[in-house]
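These notes are about the structure you will find just below.
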């Protein structure tokens, strides 16, 4: 009986000691945790505040490149040969959409034709620089443009805007001499690197176009202009909430180019050919100005601005009259009668009497037989050129 109180007292002491030990351990751990938390907060608030404020500002504002309007090309009388037109388009920003596949699914319900280009769209979006809008479809109708804007809240990272697209108001009349613009390809960038040229950042913009052939290519740099940029404020989900006008920079349009070509002469020269193949170059003999340079048959360069479908390009490339070939510069033709005055002038320089008459019997033998258009009889130099003898 006497041992029971002693055992009970000892058990209580052990429990109190155990409790005190645990209290000290947990209390010490708590104090250490609070100390670490206070130390970390002090480090963030006092010593690294400026650094994180800068990072926060960078996350809050994005700077987006704005392609400049391309310079105009006009004829000698100020008629616009290559200009720009307004175009509605829809774009996707990769860094502002959490699920690109889901976004494209929703967009496909509004614009069904984007489903056919889904793989190409995904490849272009993934290859684009950060926060760079990638055009998904251009030349939207007003109904399509309104539909996308109506559902913009349900499409994070998708926006619809209006830009300026290259436009050739005279269709195929200047397709060869002026050329057309197209997307920047990997080969374009590679070629610039090989030539040691500095690659402008605007060329990495997925919607940018450069001159591909003709004067658009030859005068590409002055026609490009100077890129601008919009500094926009975004929320935590990456959506644009405001534009910082003070931090934005307007784009500068490219230089205007005035040619010696005359639109009336150019159009008339194209009409003369009709469906026939060939070329015409009209020169002002007083000063050497080129008034017209036509290659026929031609093609519509507007097809190439947004990307010509492969079936249409193949039809143009396979057509026997070669509409894609600039016959005025790249075609090879027998000079025919136009070269005869040159031969006559050379003969007169060597002492030929232009009044001397030579009998034409229908052919002439010089190593082989050269046939004439008929039997012209006796002709002097003027008569021979007139009769094409």
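The values are calculated or read from the model by the stated rules, or taken from the named source; none is laboratory data. None of the values given here were measured: they were computed from a predicted structure. Backbone-built Cβ (ideal geometry, glycine too); neighbour counts: all protein chains shown.
Determine if the stretch 241-255 includes at least one residue that is modelled with pLDDT of 80 or more and assigned to a helix (DSSP H, G or I). I'd like the intermediate steps shown before the answer.
Of all residues in the stretch 241-255, those modelled with pLDDT of 80 or more come to 249-255.
This time we only want the ones that are assigned to a helix (DSSP H, G or I), so: none.
The answer is no; no qualifying residue exists.
Determine which member of the set 311, 286, 350 is under 26 Å from the mean Cα position of the chain (by Cα), without any contact (Cβ under 8 Å) to a residue 12 or more places away in the chain and exposed (fewer than 14 other Cβ atoms within 10 Å of the Cβ). Let's see the steps before the verdict.
Working: 286 fails: under 26 Å from the mean Cα position of the chain (by Cα); 350 fails: under 26 Å from the mean Cα position of the chain (by Cα).
None of the other options fit; the residue is 311.
Keeping to the stretch 134-155, report how many residues are over 21 Å from residue 184 (Cα atoms) and surrounded by fewer than 19 Cβ atoms within 10 Å (Cβ to Cβ). I'd like the intermediate steps shown before the answer.
Residues of the stretch 134-155 over 21 Å from residue 184 (Cα atoms): 140-155.
Among the residues that remain, those that are also surrounded by fewer than 19 Cβ atoms within 10 Å (Cβ to Cβ) are: 141-147, 149-154.
Of the residues in the stretch 134-155, 13 are over 21 Å from residue 184 (Cα atoms) and surrounded by fewer than 19 Cβ atoms within 10 Å (Cβ to Cβ).
Yes/no matrix, rows are residues, columns are (1) surrounded by fewer than 16 Cβ atoms within 10 Å (Cβ to Cβ); (2) closer than 30 Å to residue 89 by Cα; (3) within 50 Å of the chain's Cα centre (by Cα):
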position	(1), (2), (3)
328	no, no, yes
333	yes, no, yes
338	yes, no, yes
341	yes, no, yes
366	yes, no, no
371	yes, no, no
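Restricting attention to the stretch 56-66, does a residue exist that is part of a loop (DSSP other than H, G, I, E, B), modelled with pLDDT under 75 and surrounded by fewer than 17 Cβ atoms within 10 Å (Cβ to Cβ)? Give the derivation first.
Start the filter on the stretch 56-66 by keeping residues that are part of a loop (DSSP other than H, G, I, E, B), which leaves none.
Looking for residues that are part of a loop (DSSP other than H, G, I, E, B), modelled with pLDDT under 75 and surrounded by fewer than 17 Cβ atoms within 10 Å (Cβ to Cβ), one finds none in the stretch 56-66, hence no.
Can you tell me which residues in the stretch 262-283 are outside any helix (DSSP H, G or I) and over 16 Å from residue 323 (Cα atoms)? Please lay out each step first, then the result.
To start, the set of residues in the stretch 262-283 that are outside any helix (DSSP H, G or I) comprises 262, 274-283.
Those that are outside any helix (DSSP H, G or I) and over 16 Å from residue 323 (Cα atoms): 262, 281, 282, 283.
Among the residues of the stretch 305-321, how many are part of a loop (DSSP other than H, G, I, E, B), farther than 16 Å from residue 117 by Cβ and in contact with a strand residue (DSSP E or B) (Cβ under 9 Å, 6 or more places away or on another chain)? If you could, list the steps in order and put the result at the bottom.
Taking the stretch 305-321 first, the residues part of a loop (DSSP other than H, G, I, E, B) are 306-309, 319-321.
Narrowing further to those that are farther than 16 Å from residue 117 by Cβ: 319-321.
Pick out the ones that are also in contact with a strand residue (DSSP E or B) (Cβ under 9 Å, 6 or more places away or on another chain) and you get 321.
Adding up the residues that qualify gives 1.
Can you pull out the residues in the stretch 88-100 that are surrounded by fewer than 19 Cβ atoms within 10 Å (Cβ to Cβ) and closer than 19 Å to residue 304 by Cβ?
Those that are surrounded by fewer than 19 Cβ atoms within 10 Å (Cβ to Cβ) and closer than 19 Å to residue 304 by Cβ: none in the stretch 88-100.
So, in the stretch 330-361, how many residues would count as being modelled with pLDDT of 90 or more and in contact with a strand residue (DSSP E or B) (Cβ under 9 Å, 6 or more places away or on another chain)?
Residues meeting the conditions: 5.
Would you check which residues across the stretch 207-230 are within 17 Å of residue 176 (Cα to Cα) and not in a helix (DSSP H, G or I) and list them?
In the first step, residues of the stretch 207-230 are kept if they are within 17 Å of residue 176 (Cα to Cα); the result is 210-220.
Result: 210, 211, 212, 213, 219.
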